[in-house]
Structure formats: C-alpha cells, structure tokens
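Structure first, then comments.
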Amino acid sequence: GTALVWFRRDLRSFDHAALHQALIRYGKVHCAFVFDTDILDALPARADRRVAFIHACVVELDEALDRLAREAGAAGSGLIVRHGGAAACIVRLARELGVREVLANRDYEPDAIARDQRVARELADCGIAFSDYKDQVVLDRDELLTQQGQPYSVFTPYRRAWLQRADGFQLASYPVERHAARLAPKPPGEHPPALEALGFLPTNLSELALPTGMRGGRALLRDFERRLARYHETRDYPARKGVSYLSTHLRFGTVSIRQLAALARRHGGEGAQAWLSELVWREFYQMILWHHPHVVHGCFKPAFDRLSWDDAPELWQAWREARTGYPLVDAAMRQLHQTGYMHNRLRMVAASFLTKDLGIDWRRGERHFARHLNDYDLAANNGGWQWAASTGCDAQPWFRIFNPVTQSEKFDPDGGFIRRYLPELARVPDRYIHFPAAMRPVDAKACGLRLGRDYPLPVVDHARARTRTLMRFEAVKSLP
Ligand code: FAD
C-alpha cells in the first residue's frame with residue numbers, strides 16, 4: 001500500500017516518528033509539506049523570519065529525502081510542497097496519490113488539534129485513514145499523571161516523574177534509513193516554491209547567528225556541547241554565550257528532542273542536568289496546554305481573570321518601542337526586534353516589567369512576543385507570560401516583583417549586553433549603566449548623554465509601580 005507523511009513542525013529526515021511508522025508499514029511513502037494560508041495570511045507582515053526559516057528547512061528537507069532514497073537504492077524522492085489551506089491541500093493530495101493513510105506527528109495547540117480533526121473526518125469520508133504520533137515531546141498528554149491520576153500543576157514533582165519515566169526506551173530514536181528505499185519518487189515537475197512565490201519577502205535571517213535546517217541545528221548543537229558542562233553557571237547572563245540557541249530548531253523540529261534529552265543524560269553533571277530541566281519545562285507547558293486549553297485566552301488560575309489591568313497606551317508604546325528608561329528592558333526589546341531572539345532572563349524581566357511595572361495585561365505582551373519571536377511557541381510563550389504575570393501554573397508568586405535595576409546589576413554586571421543594543425549608552429560609566437536617570441547633570445555631560453533626549457527618563461517609578469501592583473493583586477485576592 002501507499003501512505004503520505006504530512007510534515008508540519010518536524011522538518012527533519014531522521015529520528016521521525018510518523019516517517020518511521022510509514023516506512024515500516026507501507027511499500028511506498030510520499031512526503032508532503034503545506035505552506036498553510038490559514039496561518040500565513042494571518043501574519044501581520046510580509047517579511048517574517050519564521051516563514052523564511054521554514055522555507056529554508058523545506059528546501060533542505062526536499063534534498064535530504066531525495067538523498068536518503070538514493071542511498072537506499074531507490075530512484076530518488078523528495079518533498080511535495082503545496083501552498084493553500086492545509087486541510088484541503090492534504091485531502092486533495094491524498095486522493096490524487098491514492099494513499100491508504102496519512103500519517104503526521106501530533107501537535108498540542110487547540111487550532112492544530114481542530115485542523116487535524118477536520119482532516120481526519122474529511123479523509124475518512126474518502127476512505128483514507130489518518131493517524132498521529134508522539135514526536136515533538138518525550139512524554140505527552142496524560143502519559144505522566146500524579147498518583148491521583150491528575151495532570152501535574154507543579155513543575156518540580158512533574159520533573160522528578162519525567163526523569164524517572166524518560167528512560168532508554170522513551171529516548172530511543174525512530175530510524176528511517178533502513179527502509180528509505182520505500183520513499184516514493186516525486187511527481188514530475190515538483191519543486192518547492194520560492195519564498196517570493198509564497199508572497200513573502202526576504203528578511204535579515206541570513207545575517208543572524210541562526211543557521212537553518214538540520215544542518216544548522218547540528219552546528220548549533222555541536223557548538224553548545226562544548227559549553228554544556230557550564231550551562232548552569234552561564235545561562236543567566238545575556239552578554240555571555242551560555243545557552244544553546246536551539247529554541248527555533250526545537251520549534252520546527254530540525255533537531256530531535258529525543259537526541260537532545262539523551263545527550264543531556266549521557267553527559268550528566270550540573271550543566272547538563274540544568275539544561276535537561278529546561279527541556280522538561282518545554283514539555284510541562286505542552287502538557288498544560290493540552291489539558292487546559294483555556295490558558296490560550298484566560299489565566300490558568302481563573303480567579304486572576306478578575307485582575308483589572310491598565311490601558312496605559314503611552315506606557316505600552318514605550319515598552320514596545322524600547323523607550324522605558326530602564327536600559328535592560330529596552331536592550332531586551334531591541335534584541336527582540338533586531339534578531340527575533342530574546343534571552344530567557346530578559347524575557348522574564350521584560351514580561352515582569354510590562355505586567356508589574358506598567359500594569360498592562362500579559363496577553364498584550366504575549367501577542368507582541370508571538371509576532372516577533374523566531375522560536376514563538378504557543379505553549380512556551382503563554383506559559384512564560386503567565387509565569388511572569390503570576391497568573392499561571394506554578395508561576396512566580398504575585399508578591400515577588402522583579403526590580404529591573406537590580407536584575408540588571410546582577411545579570412549584566414558590566415552592562416555589556418546593554419551597551420551592545422543601546423549604543424547611545426556606550427559611554428555611560430558602569431555605575432550608572434543600569435539606571436542612567438540617577439546621573440547628576442555633570443556626570444551625564446561628561447559622557448555626552450542628554451537624558452530625556454538621547455535616552456528617555458524612566459516612564460514609571462519602580463517603587464510606586466510595585467505598590468500599585470501589590471494592591472491590584474490584593475484586590476483580587478480579597479474578592480469572594
Ligand atoms: P536553552 O536555555 O538552551 O534551553 C533549551 C531549550 O529548552 C529551549 O530551546 C526551549 O525549547 C526549552 N526551554 C527553555 N526554557 C524554557 C521555558 N521556560 N519554557 C519552555 N521551554 C523552555 N520558549 C520558546 O521556545 N518559545 C517561546 O515563544 C517562548 N516564549 C517565552 C516567553 C516568556 C515571557 C518567557 C519567560 C519564556 C519564553 N520561552 C519561550 C522560554 C525560553 O525563554 C526560551 O525557550 C529560551 O530563551 C530559548 O533559548 P535557548 O534555545 O538558547 O534556550
């Protein structure tokens with residue numbers, strides 16, 4: 001029989017659950033990817049680094065599948081690429097190819113679940129089966145429950161249970177080479193469309209330190225392996241190269257989570273353990289999203305839906321435009337806009353600042369990040385925002401409020417990160433770099449900085465903002 005593997009956020013040709021299943025069960029296997037207009041048309045800009053990233057990965061995957069098939073002795077293969085509504089495209093293609101089954105790797109986002117249900121129904125109407133596989137996480141849905149059979153809502157016990165369950169069996173790869181001769185040749189004239197043909201413009205992606213595709217993922221991983229042992233010491237300092245920068249690759253599946261987790265286990269040691277914990281956070285939030293899809297629009301803890309946030313259009317604009325007068329926050333926002341990446345420590349600081357210093361609804365910040373992050377992932381972004389806003393699952397307690405100046409002193413001690421993204425502060429002495437507003441006019445003059453002109457004065461007073469936030473949360477706490 002013939003099958004079709006539908007690639008989505010799993011753009012690789014190794015250790016791939018759906019592809020593995022198709023190859024062991026069918027004599028002929030087609031592979032397809034759809035540039036889904038339901039998603040693409042909703043993007044606010046025609047230059048989008050994510051689309052450019054995916055496009056590069058699709059071109060690479062097409063070649064990789066062809067090579068795999070040839071090395072296994074077949075005539076060649078590749079990726080059939082379509083541009084249109086995903087559900088309609090897949091159903092039409094499955095019928096054209098005369099396949100018996102469509103296989104895909106599972107997605108846990110509510111929209112994706114609805115889409116897959118629709119595809120499964122429409123395929124069933126044509127007598128074609130649809131099946132999905134766990135692939136993008138090591139443990140999914142309700143594989144890991146508390147002793148009471150409930151989903152976990154606290155990270156530490158979840159992590160403990162995860163580490164126990166994620167054994168060699170769970171981390172074993174799904175090989176594809178062995179039966180790769182079953183990869184079907186592409187219909188004649190099939191080539192991935194150019195980015196421009198999809199209606200998108202080139203971006204600055206190629207200038208960033210984010211190589212694309214499986215090759216890019218491998219290069220980043222190789223580089224990170226040399227730093228892995230020190231991850232726990234370096235991960236919190238945005239000026240240093242401490243983290244893996246693999247998030248976009250994890251998002252689009254150009255690396256395999258099983259291989260990464262297995263590598264961390266094999267290395268052992270404090271650095272690797274700390275890094276593995278972060279991979280577990282990723283699964284924790286995927287699990288939360290699957291069990292509690294209301295978090296997409298509402299607070300994980302519904303009581304917090306009664307918080308009354310400020311409208312504050314000017315403060316909102318200052319945050320978005322990196323003009324808050326708090327250098328670490330502003331540098332973080334510039335990093336986001338210039339590169340599509342923001343360091344984890346800074347995501348926490350910027351999100352805390354928006355919600356707890358400016359009193360603005362976390363959902364607005366979440367949307368802004370969703371638009372700009374290369375690694376944007378609904379589960380992780382929503383989890384991160386609700387963590388910072390204290391409305392989430394196992395979140396930062398609401399009375400813990402980051403001080404943007406002490407965070408800066410602690411995690412960017414010599415202002416190296418600030419100066420990289422705020423060159424207007426390059427000559428500000430170290431003792432003022434975290435809060436230039438504290439400079440006396442004579443100090444400002446000495447380094448050529450006109451406060452309020454070259455760099456803004458703080459848009460809020462942190463101590464006062466903190467008191468307001470405590471009141472905001474107290475009010476909700478005391479409601480019946
Ligand atoms: P590393 O430190 O090398 O970590 C390895 C991997 O673990 C990451 O690539 C990521 O897949 C996962 N990971 C790490 N931290 C977390 C976390 N807290 N939650 C979930 N997964 C994690 N991560 C995203 O992938 N997409 C997002 O849209 C996203 N939005 C965030 C928003 C906020 C407000 C916050 C506080 C965090 C967000 N994160 C998000 C989590 C984290 O900041 C990024 O995963 C990390 O900075 C990516 O850099 P890295 O790959 O070098 O991470």
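Things worth noting here:
- Overall, region 334-407 carries a charge dipole of about 180 debye about its Cα centre when +1 sits on the Cβ of Lys and Arg and -1 on the Cβ of Asp and Glu, all other atoms neutral.
- For region 187-306, a crude dipole built from +1 on the beta carbon of Lys and Arg and -1 on the beta carbon of Asp and Glu, taken about the Cα centre, is about 440 debye to the nearest 20.
- Residues whose placed amide H lies under 5 Å from that of Val5, excluding near-sequence neighbours: His30, Cys31, Ala32, Leu103
- Applying 1/(1 + (r/R0)^6) with r as the Cβ-Cβ distance of Glu409 and Arg265 and R0 = 41 angstrom yields a FRET efficiency of 0.70.
- For the chain, size of Cβ-based charge dipole, Lys and Arg +1, Asp and Glu -1, in debye: 820 debye
- MRE, 222 nm, helices only [DSSP H, n ≥ 4, -39500 (n - 2.57), over the chain, to nearest 500]: -14000 deg cm²/dmol
- For the residue pairs Lys241/Lys356; Lys186/Lys241; Lys134/Lys477, alpha carbon separations beyond 31 Å are given by Lys186/Lys241; Lys134/Lys477.
- Cleavage-rule hits, chymotrypsin sites (Phe, Trp or Tyr not before Pro), region 329-403, DSSP coil, Cβ neighbours within 10 Å at most 14: Phe399
- Neighbour net charge for Leu171 - beta-carbon separation under 11 angstrom, K R +1, D E -1: +2
- Between Ala42 and Arg222, the contour length at 0.36 nm per residue exceeds the Cα-Cα span by 61.2 nm.
- Globularity ratio of region 332-383, using Cα Rg and 2.2 N^0.38 Å: 1.03
- Among 108-120, 189-201, sorting by the average number of other beta carbon atoms lying within 10 angstrom of each residue, highest first, gives 108-120, 189-201.
- Cα→Cβ-extended label distance, 7 Å offset, between Arg400 and Arg306, nm: 2.5 nm
- Globularity index of region 302-475, i.e. its alpha-carbon radius of gyration over 2.2 N^0.38 Å: 1.02
- If you plug the beta carbon distance of Val296 and Arg67 into 1/(1 + (r/R0)^6) with R0 = 45 Å, you get a FRET efficiency near 0.70.
- Rg over Rh [alpha-carbon atoms, Kirkwood Rh] for the chain: 1.00
Read the figures in this text as sums done on the coordinates, not as results from a lab. None of these values were measured; they are calculated from a predicted model. Positions of Cβ are generated from backbone atoms using ideal geometry, with glycine treated the same way; all protein chains shown enter the neighbour counts.
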